[in-house]
Amino acid sequence: MDQVRRNCYYFDIKLFVIILFRIVVSQYQGPKQEIDALNAYLKLMRAAETVTVRSMTSLPKGLSLTQFSALEALLHCGSMCQTHLAKKLLKSGGNITLVVDNLEKAGWVLRQRDPRDRRFITISLTDKGRTLITGIFPSVAANINRELKILSAAEQFTLGWLCKKLGTQSQSSAKN
């Protein structure tokens, strides 16, 4: 029940921001191209938030979405440098430090400094962390599959392609 409340609270805050943004967009009197872009952005964010909240209902109490994402990356990509993990999860250095601190306190990951370069910290799953993520990942994957099955395989491919195009555009092309 606490997990559901936590997810609902998180969703309610996000929903509030989305509704507020929707009101601003609906009253915005800018050029049609900007209005269309703002409306597309709103739909993208609403869909992403809704699917994320519904897909992550199986996370155990005390495990955040970012912590889950870190454990999943370590499971599927193997041990990695903390800086690389931050880039993979699109998190700042300070944020990933806090995330890894909490994962380490829970006994789910282990930090190891490179003896040749102490700035280089490798993050690895512990047996406890591997057991946790291998136990919950299948249900999260099934939830995501359930959420996206409304789209055909071709639509899922197109959605993925469009999201990648948006996410990987260069800053200079985004300004034009």
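Read-outs throughout are calculated quantities, based only on the coordinates presented, and are distinct from any laboratory measurement. All of these numbers come straight from a predicted model, not from anything done at the bench. Cβ: placed from backbone, ideal geometry, glycine included. Neighbour counts: every protein chain shown.
Side notes on the structure shown:
- Restricting segment 132-171 to trypsin sites (Lys or Arg not before Pro) in coil, as DSSP defines it, with at most 11 other Cβ within 10 Å: Lys149
- Prolate/oblate/rounded label for segment 62-115 (Cα gyration tensor, a/c 1.5): rounded
- Computed 3J(HN,Hα) for segment 99-115, one whole-Hz value per residue from the Karplus formula 6.51 cos²θ - 1.76 cosθ + 1.60 where θ = phi - 60°, is 4, 5, 3, 5, 5, 5, 4, 6, x, 8, 9, 10, 9, 9, 7, 6, x, glycine and proline marked x.
- Global form of segment 98-176, assessed from the alpha-carbon gyration tensor, a/c cut-off 1.5: oblate
- Under the convention that each Lys and Arg Cβ holds +1 and each Asp and Glu Cβ holds -1, the size of the dipole of segment 100-170 around its Cα centre is about 200 debye.
- For a label point 7 Å along the Cα-to-beta-carbon line of Cys81, residues of segment 108-149 with backbone N under 20 Å: 110-125
- Cα-based radius of gyration of segment 35-152 once divided by 2.2 N^0.38 Å, which approximates compact folds: 1.22
- Cross-link partners of Lys164 among aspartates and glutamates, defined as those whose alpha carbon lies under 15 angstrom from its own and excluding same-chain residues fewer than eight positions apart: Glu155.
- Linear extension gain, Val51 paired with Ile35, 0.36 nm per residue minus alpha-carbon span: 3.3 nm
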